[in-house]
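Encoded as structure tokens, the structure appears first; notes follow it.
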Ligand code: ADE
Ligand code: ZN
């Protein structure tokens, strides 16, 4: 099974570039920028990665991102992740980045976007990996701040495909961002949002009805509401499930209790993703491997998860078809 998963062609649809920051690289970049961090060693920093909830994690995640200063830093971070993709047969990835995490501390928007997008271009050339970018608004900040970010992004519109909504969910419902999502859609960005990770089913309803999202990040709590499940299926929206994130942030106690299989059996379109792999103990393949073991998924189910990852990506129909053909060939030779 592990070999089957490792070689399975797949896409990753829920990944925060700031969440790929491995302690080794973090220390290296901090040193390069003469920034003192609160931990004496890589091991000590890793030990701090034990979380009670989303906010616990976010506090340490924003601290880590604070050492990123130059375009080269953003390039190195992104290229390092794309090399991991190549090792795992991730053929396509949709990378979220949080501009406000950086612009709020004085880093220029263009430094962030140029570093990330240069790494994407190089990986396309050197590693044959396809990637696109999702600019995520931080929901703990104001809608006004999100509007400012939207404006800053416009000169770089050709490099960004979608907009997302992340950070502290509870108390920051999608309704807070209706206007900026409407304006983002007008600019041609595809809307997605984190919803129903810690927030209840109402947060998902709002993301659907008010933000008109085309994919749901997490969405675990949709199972609280039968009507909502029906609506998600009717609208043919996929859920980007992040199993190791869910256990790390105590959204789910144990992987054995994860509702992924229930969701699949209900007809919800689901995908497996890593969210913030440096913090949650596993890249995307480890998420597949651990979930397969915990829920006893068979090869056909793994194939469907990988197929969904291409089908519900934001690639053109022709590119989706090319990747799905590659997947189909792999599956028929390795059943
Ligand atoms: N930012 C990075 N990871 C996140 C998550 N799992 N939920 C909300 N915001 C995030
Ligand atoms: Zn996320």
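The values are calculated or read from the model by the stated rules, or taken from the named source; none is laboratory data. Please read all numbers here as calculations on a predicted model, not as lab measurements. Note that we place each Cβ from the backbone using ideal geometry, even for glycine, and neighbour counts take in every protein chain shown.
Some points to look at:
- Exactly one residue out of 229, 252 is part of a loop (DSSP other than H, G, I, E, B), at pLDDT 95 or above and surrounded by fewer than 24 Cβ atoms within 10 Å (Cβ to Cβ): that is 252.
- Restricting the stretch 207-221 to residues that are in contact (Cβ under 8 Å) with a residue 24 or more places away in the chain and more than 16 Å from ligand 1 (Cβ to nearest atom), the residue that is surrounded by the most Cβ atoms within 10 Å (Cβ to Cβ): 208
- Test: residue 246 is more than 21 Å from residue 92 (Cβ to Cβ) and within 14 Å of ligand 2 (Cβ to nearest atom): yes
- Evaluation of residue 262 against (1) more than 29 Å from residue 17 (Cβ to Cβ); (2) surrounded by 18 or more Cβ atoms within 10 Å (Cβ to Cβ) (one fails), failing number: (2)
- Of all the listed residues (239, 305), the sole one being outside any helix (DSSP H, G or I) and either surrounded by fewer than 18 Cβ atoms within 10 Å (Cβ to Cβ) or under 18 Å from the mean Cα position of the chain (by Cα) (or both) is 239.
- Hits in the stretch 84-102 - residues which are more than 16 Å from ligand 1 (Cβ to nearest atom) and touching a helix residue (DSSP H, G or I) at 6+ places or on another chain (Cβ under 7 Å): 86, 88, 89, 90, 91, 92
Okay, residues lined up against (1) within 15 Å of ligand 2 (Cβ to nearest atom); (2) closer than 18 Å to residue 109 by Cβ; (3) touching a helix residue (DSSP H, G or I) at 6+ places or on another chain (Cβ under 6 Å); (4) in contact (Cβ under 8 Å) with a residue 24 or more places away in the chain:
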residue: 131; (1), (2), (3), (4): no, no, yes, yes
residue: 136; (1), (2), (3), (4): yes, yes, no, yes
residue: 158; (1), (2), (3), (4): no, yes, no, no
residue: 177; (1), (2), (3), (4): no, no, yes, yes
residue: 185; (1), (2), (3), (4): no, no, no, yes
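- Those residues of the stretch 8-32 which are surrounded by fewer than 14 Cβ atoms within 10 Å (Cβ to Cβ) and touching a helix residue (DSSP H, G or I) at 6+ places or on another chain (Cβ under 7 Å), in sequence order: 24
- Listing of helices (runs of 4 or more DSSP H) fully contained in the stretch 1-101 that carry 2 or more residues being more than 16 Å from ligand 2 (Cβ to nearest atom) and over 21 Å from residue 131 (Cα atoms): 2-7, 23-32, 42-47
- Filtered residues of the stretch 200-220 (kept if in a loop (DSSP other than H, G, I, E, B) and within 17 Å of the chain's Cα centre (by Cα)): 213, 214, 219
- Hits in the stretch 1-18 - residues which are touching a residue at least 60 places away in the same chain (Cβ under 8 Å) and more than 30 Å from residue 112 (Cα to Cα): 1, 2, 4, 5, 6, 7, 8
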